[in-house]
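Worksheet: the structure to be examined is printed underneath.
FYI, it's all coordinate maths here, none of it is from the lab. Computed from a prediction, not measured in an experiment: that's the story for all the values here. Cβ: placed from backbone, ideal geometry, glycine included. Neighbour counts: every protein chain shown.
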Amino acid sequence: MNAKLAVSLALILVVFIFIIQNTAVTELRFLFWTLAMSRSLMMLLLLGIGLTSGWFLHAHFAHRKSR
């Protein structure tokens, strides 16, 4: 197994354990929006947004470098 893959899987496992342990409902306020949801769902959503934006940025820079 690749060391980078093993570290990534361990980090993902730690993140999911942290998310599972934080199930309290919390409120998120941004400008005039208010959103109430469980902390675990909010963290999972933010993790997904971060992974997706990182994937798009990586693809963008790889495409720009290949030009």
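For region 3-66, what's the relative contact order in percent, using C-alpha pairs closer than 8 Å and at least 6 residues apart? The normalised contact order for region 3-66 reaches 22 percent. Between T26 and S66, the C-beta separation translates, for a Förster distance of 35 Å, into a calculated FRET efficiency of about 0.25.
Please build a GNM for the chain, connecting alpha carbons under 10 Å apart, and tell me which residue among F16, F56, F32 fluctuates the most. Comparing F16, F56, F32 in a Gaussian network model of the chain, the most mobile one is F32.
For the chain, the calculated P(r) over all alpha carbon pairs, in 10 Å bins from 0 to the bin holding the longest distance, is 18, 32, 31, 16, 4 percent. Here the calculated FRET efficiency for L45 and K4, from their Cβ-Cβ distance with R0 = 25 Å, stands at 0.45, rounded to the nearest 0.05.
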